[in-house]
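Visitor: Mind having a look at this structure? Questions to follow.
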Amino acid sequence: MKKESVTGTIILKTATAPEHYRGILALQKENLYSSISIAEQQQQGFVFAEHNPELLKKMAGHLPQVIATSDDRVIGYNLAMPVAMRNDLPSLIPMFDEFERCSYRGKPLTSYNYMVGGQVCVHKDFRGLGLSGKLYQQTRALMANCYQLCVTEISTRNTNSLKVHQRMGFEIIGTYRDEKELWNIVAWDLLK
């Protein structure tokens, strides 16, 4: 399907049903760094963390997981998690540890009430429509009364993702290396 043939209505909503979680996982699998070539990673971006239905359901029990659907198919998602879930996905523990060393606007990040941007992804046929921003804005609308910031990490090689996040207002507040990647830590003020 080419972008010019995308004509269905796109609906933003909160993931609540098993078919939503299956749709998130299918889209995630299509875009995992281990599933796509280096060239495609450079052109289209990629995701790192792998979730499962139980983890998604647990995350949804804490915070809304925003999805975009077209013809009842998940074509985009923006996952979120509270800091309290730091040990639920072992691959993210180094990220959480690094958050504790970061500052935002001259204050320790830990002095803010922040949520963690778990992962954002849009199906390749729907890219270029501003959907990542709409997913984040929907998350902001649902969470700004509860949190001051959204904080996440982006691989420094994922330049497309970093550009999208910076256009939305995310700021780089730190950089670190784990056993796999060099990462940018970015923060977005939910109250602006």
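The values are calculated or read from the model by the stated rules, or taken from the named source; none is laboratory data. Worth saying up front: this structure is predicted, and the values here are computed from it rather than measured. FYI the Cβ positions are ideal-geometry reconstructions off the backbone, even for glycines, and counts take in every protein chain you see. The area values use the complete protein model at the heavy-atom level, side chains included, leaving out ligands, DNA and RNA. Shrake-Rupley method; radii C 1.70, N 1.55, O 1.52, S 1.80 Å.
Visitor: Given the condition in contact (Cβ under 8 Å) with a residue 60 or more places away in the chain and open to solvent by less than 60 Å² (accessible area, probe 1.4 Å), answer yes or no: does some residue in region 57-64 qualify? Full working, then the answer.
Guide: Start the filter on region 57-64 by keeping residues that are in contact (Cβ under 8 Å) with a residue 60 or more places away in the chain, which leaves 63-64.
Still in the list and also open to solvent by less than 60 Å² (accessible area, probe 1.4 Å): 63-64.
For region 57-64, residues in contact (Cβ under 8 Å) with a residue 60 or more places away in the chain and open to solvent by less than 60 Å² (accessible area, probe 1.4 Å): present.
Visitor: How many residues does region 75-95 contain that are in contact with an Asp or Glu (Cβ under 8 Å, 6 or more places away or on another chain) and closer than 22 Å to residue 142 by Cα?
Guide: Final tally of qualifying residues: 2.
Visitor: Just checking, how many residues over region 27-43 are within 15 Å of the chain's Cα centre (by Cα) and over 17 Å from residue 78 (Cα atoms)?
Guide: Within region 27-43, residues that are within 15 Å of the chain's Cα centre (by Cα) and over 17 Å from residue 78 (Cα atoms) number 1.
Visitor: Do any residues in region 178-192 that are under 18 Å from residue 115 (Cβ atoms) and open to solvent by 20 Å² or more (accessible area, probe 1.4 Å) have Cβ atoms under 8 Å from those of residues that are modelled with pLDDT of 90 or more and assigned to a loop (DSSP other than H, G, I, E, B), where the two are at least six apart or on different chains, and which pairs are they?
Guide: Final answer for the pair search is 189/148; 189/169; 191/148; 192/169.
Visitor: Which is touching a residue at least 24 places away in the same chain (Cβ under 8 Å) and within 14 Å of residue 170 (Cβ to Cβ), of 118, 133? It would help to see each step written out before you state the result.
Guide: Numbers: 118 fails: within 14 Å of residue 170 (Cβ to Cβ).
Within the list 118, 133, the selection yields 133.
Visitor: Just to be sure, is residue 30 on the phi < 0 side of the Ramachandran plot, at pLDDT below 95 and surrounded by fewer than 19 Cβ atoms within 10 Å (Cβ to Cβ)?
Guide: Working: on the phi < 0 side of the Ramachandran plot: yes; at pLDDT below 95: yes; surrounded by fewer than 19 Cβ atoms within 10 Å (Cβ to Cβ): yes.
So residue 30 fits the description; yes.
Visitor: The conditions are (1) assigned to a loop (DSSP other than H, G, I, E, B); (2) open to solvent by 20 Å² or more (accessible area, probe 1.4 Å), and residue 42 fails exactly one of them. Which is it?
Guide: The single condition residue 42 does not satisfy is (1).
Visitor: Could I ask something else about it? Can you find even one residue in region 83-105 that is open to solvent by 40 Å² or more (accessible area, probe 1.4 Å), hydroxyl-bearing (Ser, Thr, Tyr) and either out of contact with any strand residue (DSSP E or B) (no Cβ under 7 Å at 6 or more places or on another chain) or in contact (Cβ under 8 Å) with a residue 60 or more places away in the chain (or both)?
Guide: Yes, some residue in region 83-105 is open to solvent by 40 Å² or more (accessible area, probe 1.4 Å), hydroxyl-bearing (Ser, Thr, Tyr) and either out of contact with any strand residue (DSSP E or B) (no Cβ under 7 Å at 6 or more places or on another chain) or in contact (Cβ under 8 Å) with a residue 60 or more places away in the chain (or both).
Visitor: Another question, if that's okay. Restricted to region 1-27, and to residues that are modelled with pLDDT under 80 and part of a helix (DSSP H, G or I), which residue is most open to solvent (accessible area, probe 1.4 Å)?
Guide: Restricting attention to region 1-27, the residues satisfying the condition of being modelled with pLDDT under 80 are 1-8.
Those still in the list that are part of a helix (DSSP H, G or I) too: 3-5.
Details: 3: 99, 4: 147, 5: 59 Å².
This residue is 4.
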